[in-house]
Amino acid sequence: DILLTALSLSLSKFLNTDESYVLLEGHGREHIWEDIDISGTVGWFTSMYPHKLERVGEDFSSNLIHIKESLRDVPHKGLGYGAFC
């Protein structure tokens, strides 16, 4: 959260904009399906998804809280982004 906040503020200053997009990567091992047991598997199920970073003020703490909350709002921590069922 802290690194993404620092990146958000740096990009905001460098690009002169309050929002930017980054591609985040997750390990993909979230337990989102109760009927699927992945404990016998080895390795990662890498998931990648875009995330919007927004600057909401001038102070670091308010931006940190905003980034933290926006990451918590990502459904299934990005697992399934772009997958069509």
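Consider only pairs whose beta carbons are under 9 Å apart and that are at least six residues apart or on different chains; among these, list those whose first residue lies in the range 17-45 and is under 18 Å from Ala6 (Cα atoms) and among the aromatic types (Phe, Trp, Tyr) and whose second residue is surrounded by 13 or more Cβ atoms within 10 Å (Cβ to Cβ) and modelled with pLDDT of 80 or more.
Listed pairs, sorted by first residue: Tyr21/His51; Tyr21/Leu53.
Which condition does Gly43 not pass, out of (1) open to solvent by 60 Å² or more (accessible area, probe 1.4 Å); (2) at pLDDT below 75; (3) out of contact with any Phe, Trp or Tyr (no Cβ under 6 Å at 6 or more places or on another chain), if it passes all the others?
In the conditions (1) open to solvent by 60 Å² or more (accessible area, probe 1.4 Å); (2) at pLDDT below 75; (3) out of contact with any Phe, Trp or Tyr (no Cβ under 6 Å at 6 or more places or on another chain), Gly43 misses (1) alone.
Cβ contacts < 8 Å: first residue open to solvent by 70 Å² or more (accessible area, probe 1.4 Å), restricted to the range 57-84; second residue in a loop (DSSP other than H, G, I, E, B), any location; separation 6+ or different chain. Result?
Sorted first by the residue in the range 57-84, then by its partner, the pairs are Lys68/Asp1; His76/Glu30; His76/Ile32; Lys77/Glu30.
The values are calculated or read from the model by the stated rules, or taken from the named source; none is laboratory data. Just so it is clear, the model here is predicted, and its values are computed rather than measured. Positions of Cβ are backbone-derived with ideal geometry, glycine not excepted, and every protein chain shown enters the neighbour counts. For the accessible areas, the whole protein counts, side chains as well, though only heavy atoms, and no ligand, DNA or RNA atoms are used. Shrake-Rupley method; radii C 1.70, N 1.55, O 1.52, S 1.80 Å.
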